[in-house]
1. Applying the selection to the range 55-88, what residues are among the aliphatic types (A, V, I, L, M) and touching a strand residue (DSSP E or B) at 6+ places or on another chain (Cβ under 7 Å)?
2. Filter the range 55-98 for residues that are of a type in the set (Ser, Thr, Tyr) and without any contact (Cβ under 8 Å) to a residue 40 or more places away in the chain; which is most open to solvent (accessible area, probe 1.4 Å)?
3. Criterion first (outside any loop (DSSP other than H, G, I, E, B) and either within 14 Å of the chain's Cα centre (by Cα) or among the basic types (Lys, Arg) (or both)) does Arg111 satisfy it?
Amino acid sequence: MAAQPSLPHAVSGATLAHLEQLIDGFTAGAILIDTAGAILWANAAARAMHGMEHTEQLGATADDYCQRFCLRLRGGRRLQAREYPIMKLLAGESFDDMVVEVMRKGDEEPR
């Protein structure tokens, strides 16, 4: 298995290593995006819930992500792309405790 790339060098040295270690230890999935929508990094939980080994497999951008994955709420309602957490963040919207089920486009059952 190839090594997961490090976070971009927005911060350096021990601070970056500590941040990576903290985020990668989350049990919840965390995807780091820049303000233009580029997907920069995903922790192990995010990669696992999407069934991917590498961040790049999520897509290069938030738009790519929306083309590759379907999200739905626990009650079964499918979200429109603009309702995806990644798109809400890019639009400057906040949300609390949003739990979604993830499916690759074309799959019948969520992960």
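The values are calculated or read from the model by the stated rules, or taken from the named source; none is laboratory data. Treat the numbers as computed from the prediction; the structure is a model and nothing was measured. Reconstructed Cβ throughout: ideal geometry from the backbone, glycine too, with neighbour counts over all protein chains shown. SASA here: full protein model, heavy atoms, side chains in, ligands and nucleic acids out. Shrake-Rupley method; radii C 1.70, N 1.55, O 1.52, S 1.80 Å.
1. The answer is Leu58, Ala60, Ala62, Leu71, Leu73, Leu79, Ile86.
2. To start, the set of residues in the range 55-98 that are of a type in the set (Ser, Thr, Tyr) comprises 55, 61, 65, 84, 94.
From what is left, the residues that are without any contact (Cβ under 8 Å) to a residue 40 or more places away in the chain are 61, 65, 84, 94.
Details: Thr61: 48, Tyr65: 13, Tyr84: 8, Ser94: 107 Å².
Only one residue fits best here, namely Ser94.
3. no
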